[in-house]
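To start, the structure under review is shown below, and the notes come after it.
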Amino acid sequence: QKEVEQNSGPLSVPEGAIASLNCTYSDRGSQSFFWYRQYSGKSPELIMSIYSNGDKEDGRFTAQLNKASQYVSLLIRDSQPSDSATYLCAVKTSYDKVIFGPGTSLSVIP
Amino acid sequence: EADIYQTPRYLVIGTGKKITLECSQTMGHDKMYWYQQDPGMELHLIHYSYGVNSTEKGDLSSESTVSRIRTEHFPLTLESARPSHTSQYLCASTKGLGGEQFFGPGTRLTVL
């Protein structure tokens, strides 16, 4: 079992819809969670950090964390074609390592 | 705004050449990382450093070596490049106990 897993893609949503990206992790002691966006041929860019259970909103992005279920998600509201990218979940483990998930490819169809 | 730089951005070289990929950051971050990523594939950690004179191998076996003589500089060296080294190499850094990594623009290496 991988330490950080993400829902397999590619994920396709129509423009204006909500895109839901999911991530699970194995280290129960993990405290910090991150979402990165990576456009094709570019480097990852940090878009959200979340540390406490519940929701954290930033514009059209909402990160949700449930430590009991070891689950973190990213919702993108009003999806735009410019949101088409690979989204990487990253978890800072209890042993101070940041582990990246394999990524989920999102395609927003105009 | 993260300030982390990588040079060269693109490199095409022949088999057997020695190369050094440069990574510098101006943010005073103590932790730095090198990742290897093939197109459409996962990030693989190949080296990391938690400070000056500290270097560790990552999860993916790599024939490269790194050094950390100055806080801001974390170069990666391949003594003898091979076609299997063709990939994108990404450098990242983190400040203190934080887990937020800031990435450089990457070096796309092609070994013929």
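The values are calculated or read from the model by the stated rules, or taken from the named source; none is laboratory data. Keep in mind that this is a model prediction, so the values were computed, not measured. Because the Cβ atoms are built from the backbone with ideal geometry, glycine has one as well, and the counts that use them run over all protein chains shown.
If you go through region A:48-57 one residue at a time, do you hit one that is in a loop (DSSP other than H, G, I, E, B) and either closer than 25 Å to B:GLY104 by Cβ or in contact with a strand residue (DSSP E or B) (Cβ under 6 Å, 6 or more places away or on another chain) (or both)? Taking every residue of region A:48-57 in turn, at least one turns out to be in a loop (DSSP other than H, G, I, E, B) and either closer than 25 Å to B:GLY104 by Cβ or in contact with a strand residue (DSSP E or B) (Cβ under 6 Å, 6 or more places away or on another chain) (or both).
Conditions (1) part of a loop (DSSP other than H, G, I, E, B); (2) within 12 Å of chain B (Cβ to nearest Cβ); (3) among the hydrophobic types (A, V, I, L, M, F, W, C), marked per residue:
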{"site": "A:SER73", "(1), (2), (3)": "no, no, no"}
{"site": "A:THR86", "(1), (2), (3)": "no, yes, no"}
{"site": "A:VAL91", "(1), (2), (3)": "no, yes, yes"}
{"site": "A:ILE99", "(1), (2), (3)": "no, yes, yes"}
{"site": "A:VAL108", "(1), (2), (3)": "no, no, yes"}
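The residues on offer are B:LEU97, B:LEU60, B:LEU45, and the sole one that is touching an Asp or Glu at 6+ places or on another chain (Cβ under 7 Å), aliphatic (A, V, I, L, M), modelled with pLDDT under 95 and closer than 22 Å to A:PHE100 by Cα is B:LEU45. For region A:84-98, the set of residues classified as within 24 Å of B:GLY98 (Cβ to Cβ) and more than 13 Å from the chain's Cα centre (by Cα) consists of A:LYS92, A:THR93, A:SER94, A:TYR95, A:ASP96, A:LYS97, A:VAL98, listed by residue number. Scanning region B:68-112 for residues that are more than 14 Å from every other protein chain (Cβ to nearest Cβ), in contact with a strand residue (DSSP E or B) (Cβ under 7 Å, 6 or more places away or on another chain) and within 17 Å of B:LYS31 (Cα to Cα) yields B:ARG68, B:GLU72, B:HIS73, B:PHE74, B:PRO75, B:LEU76.
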